[in-house]
1. Would you check which residues across region 317-356 are within 24 Å of the chain's Cα centre (by Cα), aliphatic (A, V, I, L, M) and either at pLDDT 95 or above or not assigned by TED's automatic domain parsing to the domain that holds Gly18 (or both) and list them?
2. How many residues does region 34-87 contain that are away from the ligand (no atom under 16 Å from the Cβ) and within 26 Å of Arg238 (Cβ to Cβ)?
3. As an exercise: evaluate Cys269 against (1) more than 16 Å from the ligand (Cβ to nearest atom); (2) open to solvent by less than 10 Å² (accessible area, probe 1.4 Å) and give the number of the one condition it does not meet.
4. List, please: which pairs have Cβ atoms under 8 Å, are six or more places apart or on different chains, and start with a residue in region 148-161 that is not assigned by TED's automatic domain parsing to the domain that holds Thr211 and at pLDDT 95 or above and end with one that is buried (at least 23 other Cβ atoms within 10 Å of the Cβ) and among the aliphatic types (A, V, I, L, M)?
5. Quick one: how many residues across region 129-167 are closer than 16 Å to Gly192 by Cβ, among the aliphatic types (A, V, I, L, M) and not in a loop (DSSP other than H, G, I, E, B)?
6. When you check Leu251 against the structure, is it in contact (Cβ under 8 Å) with a residue 40 or more places away in the chain, in a helix (DSSP H, G or I) and out of contact with any strand residue (DSSP E or B) (no Cβ under 8 Å at 6 or more places or on another chain), yes or no?
7. Within region 202-221, count every residue that is closer than 20 Å to Ala77 by Cα and open to solvent by 40 Å² or more (accessible area, probe 1.4 Å).
8. Among (1) touching a Phe, Trp or Tyr at 6+ places or on another chain (Cβ under 7 Å); (2) in a helix (DSSP H, G or I); (3) under 22 Å from Lys214 (Cα atoms), which single condition is Thr110 missing?
Amino acid sequence: MSRYWSAVVHGLTPYVPGEQPKLDNFVKLNTNEHPYGPSPLALEAIRAVTGATLRLYPDPNAEALKAALAGYHGLRADQVFVGNGSDEVLAHAFLALLKQEQPLWFPDITYSFYPVYCGLYGIRSETVPLAGDYSIRTEDYLPGPGRRPGGIIFPNPNAPTGRLMPLADVERVVAANPEVVVVVDEAYVDFGGDSAIPLVDQYPNLLVVQTFSKSRSLAGLRVGFALGHPTLIEALERVKNSFNSYPLDRLAIAGAVASVQDEAHFQACRRKVMATRETLVTGLSGLGFEVLPSAANFIFVRHSTRDAAELALALRQRAIIVRHFRLPRIDQFLRITVGTDEQCSSLVDALAEILGS
Ligand SMILES: *Cc1c(COP(=O)(O)O)cnc(C)c1O
């Protein structure tokens, strides 16, 4: 607190990211990073950037990246927006599209940045409880008499549950809400979901947001993007150009373009993560954990008898970090990132030891 702070700052409740330990002797399964690293072509493209070009500002429109993404997803460049991580893309979407008179709807258990953006931009919101099995109930997002949203946002698969909403249900929500924008945050969709991108041409109120941080293993580069009708994209550009002309630097543009061009690396790495996830699910189920069905690169688990916070602490003492949220309804769950096979078997072995003691 300081008397120099603005009233806005006094009222903020910032997002708290998962820990990034300074030492690297941890098995780090707490922030859903990809274990295998980015495409070697992306690293090569980043290394090829020269001082002669770094002297200059980057392309404010990142046209090379927009063209690469448009080509990859079968859309036009005016249907693509890019930003400094999908967190920034989401932030712009909250201000540009989701700040309306009626409240924004999102699940009670979801990505905890959403309420933070609502606080930052003064957006009214209403949380919609997940079903008892932690799935998103599609019916709850259909407007009814006296009940309509100012906008809708949810991750698919949801975070931190990992549960997937079938594409037909996503389409039902989008089609039932033509008056407002529906943002589908697909940070994890490449690990087992059907993307809503094919619906973008058909629904002018749909915005799909994705990131290079998870399935493309470039969390450190900070690249995210949104796909939608040119009118929605224009709204995001207006906010972006009122905030930062150059959110993507030359390294980010070069690395992201090369990543999109390396389909073989992308497919191989995401398949490997999905295969390891199934092994991990089997291992933890065998130790008495309930595992929610996951279409993401993490799983959400709870033990039948042991307290989640105690388990997280015992793992940390064995140099394994997982994520525990001290939040209503989910405080007995652990969110565990799918790492390499070796990391995951270290985790299963450690838990077997902890549970046996
Ligand atoms: C990780 C994550 C993001 C943000 O990713 P960036 O690194 O900012 O691109 C957005 N939404 C969800 C649900 C996430 O888990």
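The values are calculated or read from the model by the stated rules, or taken from the named source; none is laboratory data. It should be emphasised that the depicted structure is a prediction, and the values quoted were computed from it without experimental measurement. So basically every Cβ, Gly included, is an ideal-geometry build from the backbone, and we count neighbours across all protein chains shown. The protein model used for the area step is the full one, side chains on, heavy atoms only, and it has no ligands, DNA or RNA in it. Shrake-Rupley method; radii C 1.70, N 1.55, O 1.52, S 1.80 Å.
1. If the condition is that a residue be within 24 Å of the chain's Cα centre (by Cα), aliphatic (A, V, I, L, M) and either at pLDDT 95 or above or not assigned by TED's automatic domain parsing to the domain that holds Gly18 (or both), then Ile320, Ile321, Val322, Ile330, Leu334, Ile336, Val338, Leu347 are the ones that fit.
2. Filtering region 34-87 down to residues away from the ligand (no atom under 16 Å from the Cβ) leaves 36, 39-41, 43-61, 63-64, 66-68, 70-79.
If we keep only those that are within 26 Å of Arg238 (Cβ to Cβ) as well, we get 56-61, 63-64, 66-68, 70-79.
Going through region 34-87 one residue at a time, the tally reaches 21.
3. Against the list (1) more than 16 Å from the ligand (Cβ to nearest atom); (2) open to solvent by less than 10 Å² (accessible area, probe 1.4 Å), Cys269 comes up short only on (2).
4. Note: no pairs meet the criteria.
5. Residues that pass the stated criteria total 1.
6. Values: in contact (Cβ under 8 Å) with a residue 40 or more places away in the chain: yes; in a helix (DSSP H, G or I): yes; out of contact with any strand residue (DSSP E or B) (no Cβ under 8 Å at 6 or more places or on another chain): yes.
Considered against the rule, which asks whether it is in contact (Cβ under 8 Å) with a residue 40 or more places away in the chain, in a helix (DSSP H, G or I) and out of contact with any strand residue (DSSP E or B) (no Cβ under 8 Å at 6 or more places or on another chain), Leu251 comes out as yes.
7. As a first pass, look at region 202-221 and keep what is closer than 20 Å to Ala77 by Cα: 202-212.
Checking which are open to solvent by 40 Å² or more (accessible area, probe 1.4 Å) leaves us with 202, 204.
So the answer is 2.
8. Among (1) touching a Phe, Trp or Tyr at 6+ places or on another chain (Cβ under 7 Å); (2) in a helix (DSSP H, G or I); (3) under 22 Å from Lys214 (Cα atoms), the lone unmet condition for Thr110 is (2).
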